[in-house]
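Read through the structure below, which is laid out as structure tokens, and then see the notes.
The values are calculated or read from the model by the stated rules, or taken from the named source; none is laboratory data. Treat the numbers as computed from the prediction; the structure is a model and nothing was measured. A quick note on method: Cβ atoms are made from the backbone with ideal geometry, for glycine too, and the neighbour counts reach across all protein chains shown. Side chains included, ligands, DNA and RNA excluded: accessible areas come from the protein's heavy atoms. Shrake-Rupley method; radii C 1.70, N 1.55, O 1.52, S 1.80 Å.
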Amino acid sequence: MAKEAKKDPQELTVEQKLKALFQLQTMLSKIDEIKTLRGELPLEVQDLEDEIAGLSTRIERIQSEVADLKSAIATKRVEIETAKASVAKYKEQQENVRNNREYDFLSKEIEFQTLEIELCEKRIKEFSADEEIKSQEAADSTAALEERQKDLDVKKNELDEIISETKQEEEKLRDKAKELETKIEPRLLQSFKRIRKNSRNGLGIVYVQRDACGGCFNKIPPQRQLDIRSRKKIIVCEYCGRIMIDPELAGITPEVKEEPVKEKPTRSRKKAADAE
């Protein structure tokens, strides 16, 4: 039984293949309409998620830099305390020096430690200023993150509502489309999908409309229209490459061209014409 099922698509006539393809196109077009209903929401949600991820990474980096600056400030404060202790010790030693050489040496050490204190205080001011700037950046980024998160929540809710409304219908259409695909020859199905992917409106198969291709609307020669109506072989548009079928096979009633009714001449007009 399984082997026979695999042969079925190849055993179909050209007419049956075209009909199955058009039915598949109808299902896929309805799925496309559902996607269009969602609009740009999926992309907007993705963009917001990417932006939030970027902001989160930025905040983490800034917070890490702020922590490093705080650590550097604490280190400099310890260095200041150490330098002050050294100054106090050297001043105490100056009171018990035995000669000028020792006094000069201690004076230079006191001067050096004093410069170290000044340098540390300068660095603390610089680090504190940087910390303030970084903290403000982190606060601004956090505020922006909260705003983007609110926007994301709104967009997600909108998208979830649309998906919940259309999910069941879309699943049914997808199931029907998969079932139809099993009835179509794999090679033909692959060609159809390739054509559909390359077309802007997602149409891989179209019917003839007013002597023109229903996809690109270029005129089709009469002989080619006869070939399409004969349903003996699969014919594609020479302009856009879409597969073409006749309207009747697509279930469309062709428009009947009404000829304008000629007005019968009245007696007075007939006499005037005879006189001339």
Checklist entry - Once you put a point 7 Å from the Cα of Lys193 and another 7 Å from the Cα of Glu169, both along the Cβ direction, what distance in nm separates them? => result 2.6 nm
Next on the checklist: Can you tell me which of Glu179, Glu161, Glu121 moves the most in a GNM of the chain? Springs connect C-alpha atoms under 10 Å apart.
Outcome noted: Glu121
Checklist entry - Based on DSSP H runs of at least 4 residues, each adding -39500 (n - 2.57), what is the mean residue ellipticity at 222 nm of the chain after dividing by all its residues, to the nearest 500 deg cm²/dmol? => result -26500 deg cm²/dmol
Checklist entry - For Ile245, which sequence-distant residues (separation of 5 or more, or a different chain) have an amide H within less than 5 Å of its own amide H, given hydrogens modelled in the peptide plane? => result Val206, Tyr207, Val208
Checklist entry - Could you give the nm distance between label points at Val78 and Glu248, where each point is 7 Å from its Cα heading toward the beta carbon? => result 9.5 nm
Checklist entry - What net charge is computed for the residues neighbouring Lys89, neighbours being all others with C-beta under 12 Å from the C-beta of Lys89, Lys and Arg scored +1, Asp and Glu -1? => result -1
Next on the checklist: Mean-square fluctuation check for the chain, GNM, Cα pairs under 10 Å: which of Asp175, Asp130, Asp104 is largest?
Outcome noted: Asp104
Checklist outcome for this item: Nearest-0.05 FRET efficiency for Gln93 and Thr142 at R0 = 45 Å, using Cβ-Cβ distance, is 0.30
Next on the checklist: Between Asn100 and Arg61, what's the calculated FRET efficiency when r is the beta-carbon distance and R0 is 41 Å? Round to 0.05.
Outcome noted: 0.15
Item to check | Cα extents of region 73-222 along the three principal axes, largest first (Å) | outcome: 122, 36, 30
Item to check | In order through region 211-219: 3J(HN,Hα) via Karplus (6.51 cos²θ - 1.76 cosθ + 1.60), integer Hz, x for Gly, Pro | outcome: 6, 9, 5, x, x, 9, 6, 7, 5
Item to check | Carbon + sulfur, % of accessible area of the chain - ligands and nucleic acids excluded, 1.4 Å | outcome: 50 percent
Checklist entry - Which label belongs to the value computed from this structure, given these candidates for semi-axes √(5λ) of the Cα gyration tensor in Å: (1) 88, 28, 18; (2) 24, 23, 19; (3) 31, 19, 18? => result (1)
Checklist outcome for this item: Expressed in nanometres to one decimal, the distance between label points 7 Å along Cα→Cβ at Glu238 and Val154 is 5.5 nm
